[in-house]
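One structure below.
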Amino acid sequence: MNIGYATAIFMDIENPQFSIEDKAIAIDVVLNMETHNGITKASLLKVCKWLFDQHFEIKKRGNDDE
């Protein structure tokens, strides 16, 4: 997968058009790029949330820490 296509998938990580495998490969390609100047903070956070949601289910409780 080339960097351009990987970046496009990365920037649109929630798009169901892309398979889980393609998303994983795209994330790996982007993580291994020399620089990340074209990747926005919002995109990085969206990918982090997507990855987190793939592995964990946390019940939201508001502001309670108990």
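Some points to look at:
- Student exercise, the range 1-55 dipole from Lys, Arg, Asp, Glu Cβ charges, in Debye to nearest 20: 200
- For the chain, applying the loop criterion from DSSP together with a ceiling of 16 other beta carbons within 10 Å to the trypsin sites (Lys or Arg not before Pro) yields 59, 60, 61.
- Count of Lys pairs (Cα-Cα under 22 Å; at least 8 positions apart or interchain) in the chain: 8
- Gained length - residue 52 relative to residue 1, 0.36 nm times residue gap less alpha-carbon distance: 16.0 nm
- Computed from the C-alpha gyration tensor, the three semi-axes of the ellipsoid equivalent to the chain are 26, 14, 9 Å, from longest to shortest.
Readers should treat all values here as calculations from the given coordinates under stated rules, not as data from a laboratory. Predicted model, so just to flag it, every value in this text is computed and none were measured. All Cβ positions, glycine included, derive from the backbone under ideal geometry; neighbour counts span all protein chains shown.
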